[in-house]
Amino acid sequence: MTVDDLLAPVLTIDGPSGSGKGTVARAVAHKLGWHFLDSGALYRAVGLAAGWADLDFSDSEALARCAAETQVTFRSGHVGDEPRVLVNAVDVTDELRTETAGAAASAIAAIPAVREALFAKQRAFRVSPGLVADGRDMGTVIFPDARYKVFLTASAEERAARRHKQLSEKGLAVSIDGLLREIRARDARDAERAVAPLRPAREALLLDSTGVSINEVVERVLGLVTAKS
Ligand code: DC
């Protein structure tokens, strides 16, 4: 890591699942030519690896060791495409997006030692010319010194409808009511946990994407970067 990297600007985009932050963060990173950190993918990867190793989800020490040892690689393909994600050299890109991986991620994310094990791994993504970091605690814990901070939300109903559309497009039939229940349960777990709960950084720009197109949100976020540069 060079001095340039230490000083590289960071834009944090935090918010709940389904707020559109992943798509927005990726698009903004692409437009700015900056690096991109999908921190949720790290938690999902550790959740999967813990499942593979048949770890007891109440054994914090074993889970923290798993978080420290799991190798997560993001492999970019064509520009604008979602990168492939490898966990210990196995391509898990599709598996990572399942509700099972999300639930495992949410469970291990509540363990302080797991979050600690992932701290330096996330900070290492700060590389020149800049980083867009997507997650729950990017602006509050991992990059409190970020120059730009956004907190993106959307109503639980809209997030369930978006997820339903995504799954239907993949040919998966699930009930929208079930998705809504899962989203509310996960929101409550993420917001109420003792460590790094989901909440906006004090200085974050609050954006609600309910009824707003992704392009419009991307423009608003790019506007923040231009205004503060
Ligand atoms: O953004 P996502 O749905 O991929 O995140 C999966 C889970 O990981 C989510 O339930 C909460 C957790 N997470 C976290 O605690 N901190 C982060 N920075 C990112 C994700």
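The values are calculated or read from the model by the stated rules, or taken from the named source; none is laboratory data. No experiment lies behind these values; they were computed from the predicted model shown. Please note: Cβ atoms are built from the backbone with ideal geometry, for glycine as well, and neighbour counts cover all protein chains shown.
Which numbered condition trips up residue 23, out of (1) farther than 28 Å from residue 147 by Cα; (2) under 16 Å from the mean Cα position of the chain (by Cα)?
Among (1) farther than 28 Å from residue 147 by Cα; (2) under 16 Å from the mean Cα position of the chain (by Cα), the lone unmet condition for residue 23 is (1).
Would you call residue 99 more than 25 Å from residue 210 (Cβ to Cβ) and under 16 Å from the mean Cα position of the chain (by Cα)? Spell out how you get there, then give the answer.
Values: more than 25 Å from residue 210 (Cβ to Cβ): no; under 16 Å from the mean Cα position of the chain (by Cα): yes.
So residue 99 does not fit the description; no.
Out of 202, 147, report the one residue that is modelled with pLDDT of 95 or more and more than 11 Å from the ligand (Cβ to nearest atom). Walk me through how you get there before you give the answer.
On the way: 202 fails: modelled with pLDDT of 95 or more.
Exactly one of 202, 147 is modelled with pLDDT of 95 or more and more than 11 Å from the ligand (Cβ to nearest atom), namely 147.
Taking into account only those residues within region 73-111 that are in a loop (DSSP other than H, G, I, E, B) and modelled with pLDDT of 90 or more, which is surrounded by the most Cβ atoms within 10 Å (Cβ to Cβ)? Show your work before the answer.
Taking region 73-111 as the starting set, the residues that turn out to be in a loop (DSSP other than H, G, I, E, B) are 76-83, 88-89, 92-94, 98, 109-111.
Now drop any that are not modelled with pLDDT of 90 or more, which leaves 88-89, 92-94, 109-111.
Numbers: 88: 14, 89: 7, 92: 21, 93: 15, 94: 11, 109: 27, 110: 17, 111: 21.
Residue satisfying both the conditions and the ranking: 109.
Among helices (runs of 4 or more DSSP H) lying entirely in region 138-229, which contain 1 or more residues that are of a type in the set (A, V, I, L, M), loosely packed, with under 13 Cβ neighbours inside 10 Å and out of contact with any Asp or Glu (no Cβ under 9 Å at 6 or more places or on another chain)?
Numbers: elements: 156-169, 176-192, 214-228.
Correct list: 176-192, 214-228.
Can you find, within region 15-37, the residue that is nearest to residue 185 (Cα to Cα) among those that are buried (at least 20 other Cβ atoms within 10 Å of the Cβ) and among the β-branched types (Val, Ile, Thr)?
Restricting to residues being buried (at least 20 other Cβ atoms within 10 Å of the Cβ) and among the β-branched types (Val, Ile, Thr), the top hit is 24.
Can you pull out every residue in region 31-48 that is more than 14 Å from the ligand (Cβ to nearest atom) and in contact with a helix residue (DSSP H, G or I) (Cβ under 9 Å, 6 or more places away or on another chain)?
Looking only at region 31-48, we keep the residues that are more than 14 Å from the ligand (Cβ to nearest atom), and these are 31-35.
Those that are more than 14 Å from the ligand (Cβ to nearest atom) and in contact with a helix residue (DSSP H, G or I) (Cβ under 9 Å, 6 or more places away or on another chain): 31, 32, 34, 35.
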